[in-house]
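A short write-up of the structure that comes next.
Rule-based calculations on the coordinates, nothing more; no lab input. Not measured: the values here are computed from a predicted model. Counting neighbours? That spans all protein chains shown, and the Cβs are built from the backbone with ideal geometry, glycine included.
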Amino acid sequence: MRTCLPRRQFLTTLIVLVVVMALSLFLRLDFANAKLILTELRIPRLILAIGIGGALALSGSVMQTVLGNPLAEPYTLGVASGAALGAAVFSSLGLHFSLAGINAGGMIGSVAVVWALFKISSGRGHSSESLILTGVMLSLTCASMLAIWMALADPLGVQSINFWLLGDLSRVSLVPAIVILVLSLTVLGYFIYFARRLDAFLMGIDGVPSFGVSLDMTLRASVLLLSVLIGFCVSAAGVIGFLGLIIPHVVRRKLGTSIHSRVLPMVYVWGAIVLIISDTLARVVSDPHELPVGAVTALVGAPMFILIYRRQRHEVDQ
């Protein structure tokens, strides 16, 4: 009975995904121009929301496992801020080094932050606390550098860049959206294949060698791979926070297990669902104007962040 339950939950989750996708495509659709709106706007946007929502939730789940910290995600580690800085600099300089239309500057920026992250915190053995603190410092540094760069390089385009930085799924075409989706699904498949290595981290440092797993190598490889994924996501849609923090906690609680072969697919799908819902709300709540989707996710994510932090502090105090 216990082995069937996750399958039943996953099937229910897929049904929810299909319903949410249908609402995203057809809610307030002008049927006179339905074909043009669907093919040029809503379908690429939906595909991008699935790929990025799943990628963010997946990244948060894996980072929390390998770092052993419930607050770990691409944004607390500074990866997203580095990607935003790289994408903005490359765009303003006209360096359109791209993969199918996606600014690869985001990938370069995120990988650079990961390199700095491990370099700065290496003296403390890559402990969870040192990596998180270093990540927050790098995130603030990148945000400051981005603000300065925007003011100097393109003072007239600051408002447009600020909207993108808060999350915007509306500017993508079909091919880049498909690239993001395929890339995120490939990374999901990779981590499902090596799910036992992630399970080994749940046993603590002493338990990992018994699985034949190098703790440091797995940590580095996981964070580096996810930084590349996040770099492309940020380049395509800007900064969308809190999904990587919230979704893994909710899914683990609902499933009642931390086994990654079961958790990761559910985390991916629920990340997609939540981002599709958030993007749909951002599009229709203030119609004809549009809200940044990152602002919508932050409204829910910020209180959840505080609750998770307080729960962690309470457990430490006990």
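Details
- The residues packed around Arg197, meaning those with a beta-carbon under 14 Å from its beta-carbon, carry a net charge of 0 if Lys and Arg are +1 and Asp and Glu are -1.
- Taking a sphere under 12 Å around the Cβ of Val136 and counting the other residues whose Cβ falls inside, with K and R at +1 and D and E at -1, yields a net charge of -2.
- Relative packing of peptides 10-21, 50-61 - highest average C-beta neighbours within 10 Å first: 50-61, 10-21
- Each peptide in 140-149, 77-86 receives the mean, over its residues, of other Cβ atoms within 10 Å, and ordering these scores from highest gives 77-86, 140-149.
- Sorted by Cβ neighbour density within 10 Å, fewest at the top, the residues Glu40, Glu73: Glu40, Glu73
- Whole-number percent relative contact order across the range 4-313, with pairs defined as alpha carbons under 8 Å at least 6 apart: 32
- Burial ordering of His289, His249, fewest other beta-carbon atoms within 10 Å first: His289, His249
- Counting beta carbons within 10 Å around each of Ser128, Ser278, Ser173 and listing the fewest first gives the order Ser173, Ser128, Ser278.
- Cut-off 13 Å between beta-carbons: net charge of the residues surrounding Arg28, Lys and Arg +1, Asp and Glu -1: -1
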